[in-house]
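Scroll down for the structure; my scribbles are underneath it.
The values are calculated or read from the model by the stated rules, or taken from the named source; none is laboratory data. What you see is a predicted model, and the numbers here were worked out from it, not measured in a lab. Please note: Cβ atoms are built from the backbone with ideal geometry, for glycine as well, and neighbour counts cover all protein chains shown. Surface areas here come from the heavy atoms of the whole protein model, side chains and all, with no ligands, DNA or RNA. Shrake-Rupley method; radii C 1.70, N 1.55, O 1.52, S 1.80 Å.
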Amino acid sequence: MILLSLLLGGWEVVRRIEMLSTPEVQLTGLVAYAVLFITCLISAIGAAFIVRPSLRWLLAILLASGSWLVDGYQWVVGDFMAYDAFVTMMQSAGDLGSAFQQQWPVMLLAATKAGLLLVGVGLRPMEQGHWLTRLSALISLPVILALTVLLFFRGGEGGSGLPSSHSGLSFTLLQGYELVVTSDAERETVALPPLTAAPKRDIVLIIDESIAGAYLDINDEHGVYSGLAGSPKLASIHNFGLAVSITHCSVGSNLSMRFGGTRENYQEAARTMPSIWAYAAEAGLQTVYLDAQRTGRAYQNQMDDEERQLIGQWVQFADVPVVDRDQAVALQLAELLNDDQPQFILVNKVGAHFPVNDKYPDSHKWFTPALPRGSFADVTDMAVPDELDGAAGNWRLYRNSYRNTLTWSVGKFFDRLFAGAQLSNATIIYTSDHGQHLHENPDNGTATHCTPNPAIEEAVVPLVVINGPDAEQTTWRTAAEAGHDRMSHYRIFPTLLSLMGFQQSDILPVYGPDLLSGEADPFTFNVRYNARLGSSPVWKHVPLENVARPPVGDYQKNQTDR
Ligand SMILES: [Zn+2]
């Protein structure tokens, strides 16, 4: 049963060997992998020969759970589960229910594999085993611990293709260790004095979801309608062009936009420094959180009770169908901008996360051919893109559905906002949590973002500052021209603090330069946001000239007046 269970993981073994053999054969890597795999195999069989029933069954349950977790993920995503992905999954445990609903056949298969292991290890062994079985029983647990130590020093990497029971259990131990080590630090209160006058305006940060910067008309002549390209009568729009996101996954980008931090201190900021809400409250602003992604008071992107306490008004949109959520946000935001109360408002939009089949109404089916409609109407986002087998034709359909979604979720959103809102006392910063890899050059990929080896497009986002026409514009106009295609998410938090009235000289040493600063940005994003244990963040530079542009040959356009 144990061997059968391991055999079901054969595909991962083949893939790992393939990875270690292309483009050229890495002999040391292959030998190390073979030794590790065989050691884990001996450990799994040895566990079944442990005589004490309590210990044997405990190990059986732990190994089976690890197997189920890791295989479930790997088979759904179609990629190895790294420690990073493991932690992200545990942190977004709130989404597991919907992931299970979407992917139950795969999860069931993974459960079968885990079940075989559970029974195989757990059943009572033969009375008097061979000395080899007694030895394997003796080293079973030490092997798991040794593997955990090895993964610790490799920052959680190197477990790909090993028996999922062992990598899963080691990951759990490592995360347990981290929870124990890091949970002590208490969050600081605001230490910066707000020296200038308290702000008399609304300060808004709109964090959109999965918006590829180059697919909007403000950044590419073949981009789609964004509502931001013209000059609406009552708004001034300062386009910073293409910007680089903090990282290429939702959680990290959102977290760092709420807690700030530079490329050097972002981990410390997320763990112990004050949130944007704390600064807003200190500056005398009311705090409002418009969350269109989750319902039923579920927290999104690692928010917790402590952070929640500093939010005055928390709005979710459970009664609104997913396709209309962003439109409801536009109306609600307009109301808040018109109420003459100085507020800090953070918006978490539905945006254009997959599935995009049904994220736009029929009236916005401007680009065809698109993905089939009707099956994903109630889904804001899910773990894995559906109906994508990585074929070039599919991605063309996806890009058209994506375009339609943008015209609605971005274009119509801003139309509505500008039609309804009084912007004379507001400053809005608009961006997306991360970009999208839309596979313009055909490949076998099935993911748009948050991949283990990200394409640069996964981190290319729009960045726009909007204020009323009567506000002081020269500074922003100059900054947007100087910073066009040159800025990053890291500039947003210090900009918000500066708008709130904190002194730039106080902000700079802690949070780095803001959008008005002339200092050059490294234009890099964090490929390993959750760097931990013995590993460090990895920064990937985005060469602007290599960013994929929307292919014109994708579509027939059904809407001609825009
Ligand atoms: Zn996202």
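Laid out as a table, the results:
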item	result
Count of residues meeting criterion [charged (D, E, K, R) and either at positive phi or outside any helix (DSSP H, G or I) (or both)] in segment 298-339	3
V251 vs. criteria within 16 Å of the ligand (Cβ to nearest atom) and under 30 Å from A471 (Cα atoms)	no
R134 among the charged types (D, E, K, R), open to solvent by less than 90 Å² (accessible area, probe 1.4 Å) and either part of a helix (DSSP H, G or I) or over 28 Å from M1 (Cβ atoms) (or both)	no
Y266 vs. criteria over 16 Å from the mean Cα position of the chain (by Cα) and modelled with pLDDT of 95 or more	no
Failed criterion for R297 (all others in (1) without any contact (Cβ under 8 Å) to a residue 40 or more places away in the chain; (2) closer than 25 Å to R416 by Cα hold)	(2)
Among (1) surrounded by 12 or more Cβ atoms within 10 Å (Cβ to Cβ); (2) modelled with pLDDT of 90 or more; (3) farther than 30 Å from V13 by Cα, the one test that T182 misses	(2)
Qualifying positions in segment 370-403 - hydroxyl-bearing (S, T, Y), assigned to a loop (DSSP other than H, G, I, E, B) and either within 16 Å of the ligand (Cβ to nearest atom) or at pLDDT below 75 (or both)	T380
Test: residue in segment 188-210 that is closer than 25 Å to D381 by Cβ, within 16 Å of the ligand (Cβ to nearest atom), in a loop (DSSP other than H, G, I, E, B) and open to solvent by less than 30 Å² (accessible area, probe 1.4 Å)	yes
Qualifying residue in segment 348-362 (condition: among the polar types (S, T, N, Q) and outside any strand (DSSP E or B))	yes
Residue ranges of helices (runs of 4 or more DSSP H) in segment 211-288 with at least 1 members polar (S, T, N, Q) and surrounded by 23 or more Cβ atoms within 10 Å (Cβ to Cβ)	250-259
Every pair of residues 6+ apart whose Cβ atoms lie under 6 Å, when the first sits in segment 250-261 and is more than 9 Å from S275 (Cα to Cα) and of a type in the set (G, A, S) while the second is more than 14 Å from the ligand (Cβ to nearest atom) and in a helix (DSSP H, G or I)	S256/Y266; G261/A269
Tabulated pairs, segment 166-191, first basic (K, R), second open to solvent by less than 60 Å² (accessible area, probe 1.4 Å), C-beta under 7 angstrom, 6+ apart or interchain	R187/T272; R187/P274
Qualifying residue in segment 349-369 (condition: among the hydrophobic types (A, V, I, L, M, F, W, C), under 22 Å from A212 (Cβ atoms) and more than 16 Å from the ligand (Cβ to nearest atom))	yes
Residue, farthest from the ligand (Cβ to nearest atom), within segment 429-480, restricted to residues that are more than 22 Å from D220 (Cβ to Cβ) and open to solvent by less than 10 Å² (accessible area, probe 1.4 Å)	G468
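Listed here are the residues, each with its yes/no results for (1) β-branched (V, I, T); (2) at pLDDT below 95.
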{"position": "M273", "(1), (2)": "no, no"}
{"position": "A280", "(1), (2)": "no, no"}
{"position": "A283", "(1), (2)": "no, yes"}
{"position": "V288", "(1), (2)": "yes, no"}
{"position": "D291", "(1), (2)": "no, no"}
{"position": "R297", "(1), (2)": "no, yes"}
{"position": "N301", "(1), (2)": "no, yes"}
{"position": "D304", "(1), (2)": "no, yes"}
{"position": "L310", "(1), (2)": "no, no"}
